[in-house]
Structure formats: C-alpha cells, structure tokens
Amino acid sequence: MRHRPLLLPLSSLVSGALTAYWGYSPVLWAICLVMLGAAIARWFCSWRIPFLVVISLGCALLANLQIRARLTPPPSCADLLRQSADSPIALTGIVEPRPEVSNDRSRLVVRVDQGATKSEAWRILVNVGSGDLSAMTGDRVRLVGRLKVPRRLELPGEFDRPRYLAWQGIYATTFVAQASDITVLAPGVAYPVRRWFDHLSQKLAGEIDLSVKNPARGLLKALLLGIRGDVSAPLAAQYAATGVNHILSVSGFHVGVIAVTLVALSTWLARWSQTLMLWVNVRRWSILSVLPLIYGYLLLTGMAPATVRSVLMLAAVCLTLVMEREHDYLDILILAAVALLASAPWLLFDISCQLSFLAIWGVIVLTPPLIAAAPVVVSPWGQRLIALMAASMAAILVTAPVVAYYFHLFSVTGIVANLIVVPLMGYGAVVIGFAGLLWAPFVPVVAVLLFKVAGMLVDIANQGVRLLAYTPVWRGLSPSAIDVLLCLAAILAGVGLPGKWRVSTMAALLVCGMTSHMLAEKSVAGTMRVTFLSVGQAESTVVQFPDGTTMLIDAGGSPIREDSTWGERILVPALWRLGITRLDYLALTHPHDDHVGGAAYLLAAFPVGELWCGGGSDAKAWHELAAAAWRRQIPLRVVDGSTPALMVGGVLIKPLWPLPEGIGGDPNDRSLVMRLQWQAFSVLFAGDIGWEVADFLAQRYGAELASTVLKVPHHGSRHSSAPALYQAVQPRHAVISAGYQNRFGLPAAESLAALHDARVNLLRTDLDGTIQITASDEQQPLIIQRHFRQFN
C-alpha cells in the first residue's frame, strides 16, 4: 500500500460495488460499524491504521450506496408505468446521451420530465424500428408508446440487464416503429456543447460515407468517431474471434496515437517561429495544447467509458510531463479507475470498461517481464516486433478470464492478428483518418483523399482478419464469476506481492478457484435432469440422461420476426452455462421459427450426434437444416409415431405422434410428441398440437400417456386446451413455455382453468424463469428449481 497509495480506495470501491451487486449490503454495514468504532477509538493515536480504515470504509459505502440508491424507480416513473399499462401514452423529455444509430434498429435514451423533479430524474430507453433519427443530444422530443419494465429471461448465467439499466437511471423501455414518430419539440434546449460535437460527428460521418465503401466505411467510423452502427455483425464476430475487437472502440491506443501525433505536429509548427522558440517552452506548451483538443475528441466520439479512462490517463501523464515530475503508468491507471468508480461505480460491471482496464493493466505490468524472457534481438525492428508481441500476449492473458466468462471462448490468435491490425489500423488508418477529420471542415477534397487511403488500409486489415478467423478457437468455456475473481486475484498476486508471498498466494488462490469450479459442476450421473429454458415466446428444453447423454428438444427462436442471431445471443450461451459442450441428440418437433430459430447456429457451434426432425418433413426449414446437417456429416432421422421405442442413456423414449394417418396438415398438428421414461419418472413432450390431436392421443393411448411431468402443448393456447389429455396424462407437474406478457395473450385463460381443474402443479417460464426438474431414484422426491441462476 505504501508504494500504491490509491490501491486501497480502489479495492474498497470495488468491494462496495460487489457487495451491493450481490445483495450483501446489511453485512457490509455491520462490518463498517464495527471497524469504524475501532478506528474512532484510535483516532488520536499516531497509528496510521485508523486513517486507512476510514478511507476504505468511506469508499466502500460510497460505491455501495450509489448502486443501491438507483435500483428503485422514482414515484413519477411508477405513475407513468401504471398509466401506460392499458394503452400507449404521450411522453416528453430530453435526449441524452448521443443516440445509437444502426442499419437494422436504432435506439435513444430520453430523460423524462413529466411529473419528475430534478432530484428524481429518470430515463426511458426508446427502441426505433426503422428510419433516420433526426433527434440529437439535448433535444426536447415527444413520442407515443407503451412503457415496459425491463426483465430478465432468467436463463442460466444471464447478464442482469434490467439492473444495469437501472444504474443508468433507465427504468422503462418503449418501442417506436418509425423514427418519424419521434417529434423534436425544441432542438438544443440542453447540453449545447455536446450537441454541437454530435452534429459535427454526424457531418464527419457523412464525409466518410461519401468517400469510403463498406465494410471499410463502418470500421473507419468506429475507429475515428466511435460510431459502430455500420459494422456488420459477421465482421465484428471475426474481429472478436481473432482477439482484436479492441481496435473497433475508441480507447487508450487511439487516444495515445492521436495525442502523440498532435504533439509532434504542434511542436513542428512552433519551430517555424523564432519568437516562440525564444520566449516559450515549446515542448511544455505543445503538451498542454493537446489537452483541450483531446477533450474535444472525447466529446466527438460520444464519451464512452473506455475513452474517458484513456483521456483521464492521458491528462495525468501530460500534467506530470509539464510539471517535470516522474510518473508511474500503473498509478495513473489506478487513479483513472478510482475517478470513474467514485462517480459511477456501476461501470465496474460494464464489459468494455472491464476489458479496457484489464488490457492496459496487463500491458503495463506483464509486458516488461515477457520482453525480458524473450530471446535477445539486436535489430531495432526485431525489438519493436518482440515488444508488440509481448504487449499483445499480456493483454490476452489478463483479459482471458473475462473474455471466457462473457464470450465463452479463448484464442491466442490475437498475438498474430495484432501484428497485422495494429500497424495498419492503429498507426495507419487512425492517424491518416484523423488528419482527414481535421481537413474536412476546411478542404474537403484533401479529406476525401485521406479517408480513401485510410479505407484502403482498413480493407487490407480486414483481409488478414478474415484469414485468421478460420484458425481454431477454444469455445464453450463457462467459468463462474467466482472463478474469474479468483483467477484475476491470482494474476494480481503474481505481480504485486513480494517474492516470498507471491508463489504461496498464487497457489492458494488457484486451488480455491479449482475447488469452487469443481463444486459448482454438479454431476448428473445417476440422475435425470430436465431443464425448460426460459427463452421468451419460444421453446427449448435440455434433457440430461443418467449416463451423461444430452438431448435438446427444440431450439427456440423469435415468433415475430426472423432473427439469425437468436441462437448465438440466447440459446448457446445458456447451454454453455449449464456445462453442455456437446449435444448427442437435437430433436426438433416442427418447423416453426419459435422452435427451430436457433438450430442453424447450434449445428455450427456444437458437436451434434444426431438430428431428429418431427412432423411436416416437407417444410422448407427442414430442407435447410437437413442441408446444414449433411455439410457437417450429422446423421438425420425423421421421427414420428411409427418409429419404434428407443433406449437412450438408460431412458426409454417412445415417439407417439405424428402418425401416417394423422389429422390435418398444419405443422402444429404434425408436431413430434414423445414420452420419456426413467424408473418412476416420466415426461410427455406435446409440441404444439391442437385439441383434436390431443383428444385423439388420449383415446388411442389412454393410460399409456400417464407421466410425472407434462410439457403443455402450444404454450398454453386455448386451441390446445384438452381436458381429455390432462385426464389421460394425470401429471403431477405441468410446464408452460411462454414469454412474459407476450402479444399472443398466452397462456390462455381456458388452458389455465383446465389445468386448475386437473389439480396440477403449474410451472410457467414467463413467471418462474428457467425451470429445472431433477429426478434421482424412486425413493427421492423431485427437485424443482425455478429462476435458475448463477452469479453473473
């Protein structure tokens, strides 16, 4: 602590934020009172511990109280939510901060001023379906919409987005179909400086649009202006897979390169004046002149947390250079972290902020020992190459636990990719493109030329990234938050502690990490586990058999619009969080988007042993999936009521429907229906069949349908409500998969009434979240876990 005085307040801020996030505020208060009493008792002594105790307690309470104070919406918000429950209402407010504009959907944040005082200002997140937004930062706008409270899906390991939005003062969301539905009542009534910079950013983005073609256009706007709306999802995924997605956000590297360029340029210009050279310290004033320009660039790029951190560090370095004082980059990094977390402690849970700080910390601390361990090279170019590789390796190693937690992958390709991307885009495209930004307001022709050159460099970098994206990546990693914290603590101990404590502390932390990870891995051997994933208005169920065999029944999707990213965003991360890295069987009941929407991505991301297709095998979706399975050499089996019973993993699977002489041609009525039996435990999966098919099955099979658990057909629709089926199955538990307050009004009142009359214990994913039912043996009762969560 003596060498790093700011480390104590930083660790206290982090501790206070974590205790508030995990809900341990009362415990923290008790500890604080005891420690504060001890500190006051020794206040007048020369002992320095009371002072440190007070500082640490103050920082911890500051972070804790700030986070917890924002979790409860103000009364004016609750009033508007009640008013909009039945019908849309008119809303007015101020736009803040800069709206996010993209090709498919834009969004903006509005500070609502209806019935709200300054002390209880709150915001809404407005999603815009299509159209060009005319509203800018500081504009007073009016829109009509229905407010909704953000909710979690309650998937395993899901990021708590509603809580993160609440920390930013956002307690409700709404949707506007067209940007033209948002009326600007008074432009620029607030934040005039930021609005001017946002307007300038839009104009400069327009100049780039006219000069460069996609995909270089989108990347160049992300590099220079922080506008990522035109960066395509596949290209962003390739940059992420190769470990160089940091280049797409305006962070310390960009700000540092631009600052050095500006200092060199101002120094060169000053040397043309003998008067300045005689009367002014050119070096000092060149450094000072950069600070307002860099602050302007911060406003121009939208003030992202990573950019704010970079500007704070740069300002601290510049001031130490001007004052001719020694500076330590690690102390400056800690100072920036303390400043950010003291003002906004919830940034501790911001992904970009975490990666930004950890990457810089790794570069500062681990690069020197890595360079020292490398072979001695005499050539200056060789030394630069080793330094760049060492910095890349340091950043990758330190950020690896966080990347594995959020993105479930690990790749060392970034060490090579940085050798391509950093010179071309960092030193080349950023410097040339920034020069284009400076020339654009005065000589547009020169700016266009510079933008074209920068775009060419971006295109070359893109080709290298696309080639490296094919290299193997370790996917399916799923560490818990405790694993990540212990791993990061071990890395910190390995560098920050004295030699006699370093090895023992690192070993102890790593042992604790491995122990917690093994304890968290709950073995399914000798048990049957059925997990009904809460995937909104869709269905997807994981069945883990007693011998470890895994089956996924349906792959979810959006029932409203085609969403190619659904499997990547929702389904696959949930499976990884459950510890599933392979699917022995993927069974799809019928070809509707809410049941097969994530299957295409699933086939690409997971090893799949066998693909089962249910009814409606002539549908287009079946042909597309069959082609994808054929390309990956996955066996395809059409399963229906004529398929003999199968023994899988010690569980008897009996397909019951559809039959060749089945009813109707509706894909819902041709859904795959099957019953799984293990010892005394059984589950009947009924797909989306209607009441006619349900009655037919009840008459045909009768008591053979009896099951412990029934997956209620068609999300509890009234068209699938069949008392005859419930009477034949006689389930102890019934599960309905539906989205919270979905537009279809499911589950229907008729189905709920019929299930109530059947005296069934009803479980619903819209209310209960992900539902996990575990059966061990005949003597043990079922274990039913709702709101299935892990630490996030």
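The values are calculated or read from the model by the stated rules, or taken from the named source; none is laboratory data. Here the structure is a predicted model, which is why all the values come from computation and not from measurement. So basically every Cβ, Gly included, is an ideal-geometry build from the backbone, and we count neighbours across all protein chains shown. In case anyone asks, the SASA skips ligands and DNA or RNA and just uses the protein heavy atoms, side chains included. Shrake-Rupley method; radii C 1.70, N 1.55, O 1.52, S 1.80 Å.
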>> Of 342, 599, 249, which is farthest towards the positive pole of the chain's charge dipole, taken about the Cα centre with +1 and -1 on the beta-carbons of Lys, Arg and Asp, Glu respectively?
In response: 342
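Show me the three semi-axes of the equivalent ellipsoid for the stretch 562-637, from the C-alpha gyration tensor (sqrt of 5 times each eigenvalue), largest first, rounded to whole Å.
Working: eigenvalues 71, 43, 22 Å².
Semi-axes (√(5λ), whole Å): 19, 15, 11.
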>> I'd like the Karplus ³J(HN,Hα) series for the stretch 427-437: coefficients 6.51, -1.76, 1.60, θ = phi - 60°, whole numbers in Hz, and an x wherever there's a Gly or Pro.
In response: 7, x, 5, 5, 5, 5, x, 5, 4, x, 4
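Over the chain, what is the relative contact order in percent, taking alpha-carbon pairs closer than 8 angstrom and at least six residues apart?
Working: 1457 pairs, mean separation 70.7, N = 792.
Answer for the chain is 9 percent.
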> Per the 1.4 Å probe, what fraction of the accessible area of the stretch 437-484, in percent, lies on carbon and sulfur atoms?
Replying inline: 77 percent
> How big is the Cα convex hull of the stretch 62-160 in projection, averaged over all directions, in nm²?
Replying inline: 8.3 nm²
> Any idea how far apart residue 692 and residue 443 come out in nm if each label point goes 7 Å out from Cα toward Cβ?
Replying inline: 7.7 nm
> Among 465, 639, 13, which residue has its Cα positioned farthest towards the positive end of the charge dipole of the chain, with +1 placed on the Cβ of Lys and Arg, -1 on the Cβ of Asp and Glu, and the dipole taken about the Cα centre?
Replying inline: 13
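Leaving ligands and nucleic acids out of the surface, order 620, 221 by accessible area at 1.4 Å, largest first. Please report the intermediate quantities before stating the final value.
Numbers: 620 150, 221 10 Å².
These residues rank, largest area first, as 620, 221.
Given a 1.4 Å probe, how much area per residue of the chain is accessible, in Å²?
Values: 37120 Å² over 792 residues.
Roughly 47 Å² per residue, with all protein chains present.
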>> To test your reading of the geometry: what angle, between 0 and 90 degrees and rounded to tens, separates the Cα axis of helix 25-41 from the longest principal axis of the chain?
In response: 40 degrees
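Given a Förster distance of 51 Å, report the FRET efficiency between residue 199 and residue 727 from their Cβ-Cβ distance, rounded to the nearest 0.05. Intermediate values should be presented prior to the final figure.
Numbers: r = 68 Å, r/R0 = 1.33.
With a Förster radius of 51 Å, E is 0.15.
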> Which cross-chain or sequence-distant (5 or more) residues have an amide H under 5 Å from the amide H of residue 657, H modelled 1.01 Å from N in plane?
Replying inline: 641, 673
> From the backbone phi of the stretch 556-570, what are the Karplus-calculated ³J(HN,Hα) couplings (6.51 cos²θ - 1.76 cosθ + 1.60, θ = phi - 60°) in whole Hz, Gly and Pro given as x?
Replying inline: x, x, 8, x, 9, 9, 5, 9, 6, 9, 4, x, 5, 7, 10
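How much net charge surrounds residue 409 when only other residues with a Cβ under 13 Å from its Cβ are counted (Lys, Arg +1; Asp, Glu -1)? If you can, show how the numbers build up before the last one.
Details: positive: 475; negative: 568.
Cβ neighbours under 13 Å give a net charge of 0.
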> If you take the alpha carbon radius of gyration of the stretch 677-771 and divide it by 2.2 N^0.38 Å, what ratio comes out, to two decimals?
Replying inline: 1.00
>> From zero outward in steps of 5 Å, how is the percent of C-alpha pairs of the stretch 573-612 spread across the bins?
In response: 6, 22, 31, 28, 12, 1
> Roughly how much of residue 638 is accessible, in Å² to the nearest 10, using a 1.4 Å probe?
Replying inline: 80 Å²
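Mind checking the full-extension length gain between residue 114 and residue 232? Use 0.36 nm per residue of separation minus the Cα-Cα distance, one decimal, nm. Walk me through the numbers on the way to the answer.
Numbers: separation 118, 0.36 × 118 = 42.48 nm, distance 3.74 nm.
So the chain would gain 38.7 nm between residue 114 and residue 232.
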>> Testing the spin-label approximation: label points 7 Å from Cα along Cα→Cβ at residue 388 and residue 11. State their distance in nm.
In response: 3.8 nm
> What angle do you read, to the nearest 10 degrees and between 0 and 90, between the alpha-carbon axis of helix 49-69 and the longest principal axis of the chain?
Replying inline: 50 degrees
> What trypsin sites (Lys or Arg not before Pro) in the stretch 656-753 are in a loop by DSSP, with at most 14 other Cβ atoms within 10 Å of the Cβ?
Replying inline: 732, 743
> Scanning the chain for GluC sites (Glu not before Pro) in DSSP loops with at most 13 other Cβ atoms within 10 Å, what's the longest stretch left with none?
Replying inline: 1-323
>> Can you sort 323, 393 by solvent-accessible area, 1.4 Å probe, largest first?
In response: 323, 393
> Just one of (1) 99, 35, 21; (2) 51, 31, 29; (3) 63, 35, 24 is semi-axes √(5λ) of the Cα gyration tensor in Å as worked out from the coordinates here. Which one is it?
Replying inline: (2)
> How large is the helix-only mean residue ellipticity at 222 nm for the chain, computed as the sum of -39500 (n - 2.57) over DSSP H runs with n ≥ 4, divided by its residue count, in deg cm²/dmol to the nearest 500?
Replying inline: -15000 deg cm²/dmol
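What size of dipole, in debye to the nearest 20, comes out for the chain about its Cα centre when the only charges are +1 on Lys and Arg C-beta atoms and -1 on Asp and Glu C-beta atoms?
Details: 61 positive and 51 negative charges, 520 e Å.
Once rounded to the nearest 20, the dipole reads 2500 debye.
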> Applying the Karplus parametrisation 6.51 cos²θ - 1.76 cosθ + 1.60 with θ = phi - 60° to the phi angles of the stretch 768-776, what ³J(HN,Hα) value in whole Hz is obtained for each residue in order, glycine and proline being reported as x?
Replying inline: 9, x, 5, 10, 10, 10, 10, 10, 9
>> Tell me which trypsin sites (Lys or Arg not before Pro) from the stretch 270-349 have a DSSP coil assignment and no more than 12 other beta carbons within 10 Å of their own.
In response: 271, 325
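Sorted by accessible area with a 1.4 angstrom probe, largest first, how do 709, 263, 416 fall? Could the numbers behind the result be given before it?
Details: 709 0, 263 40, 416 75 Å².
Result, largest first: 416, 263, 709.
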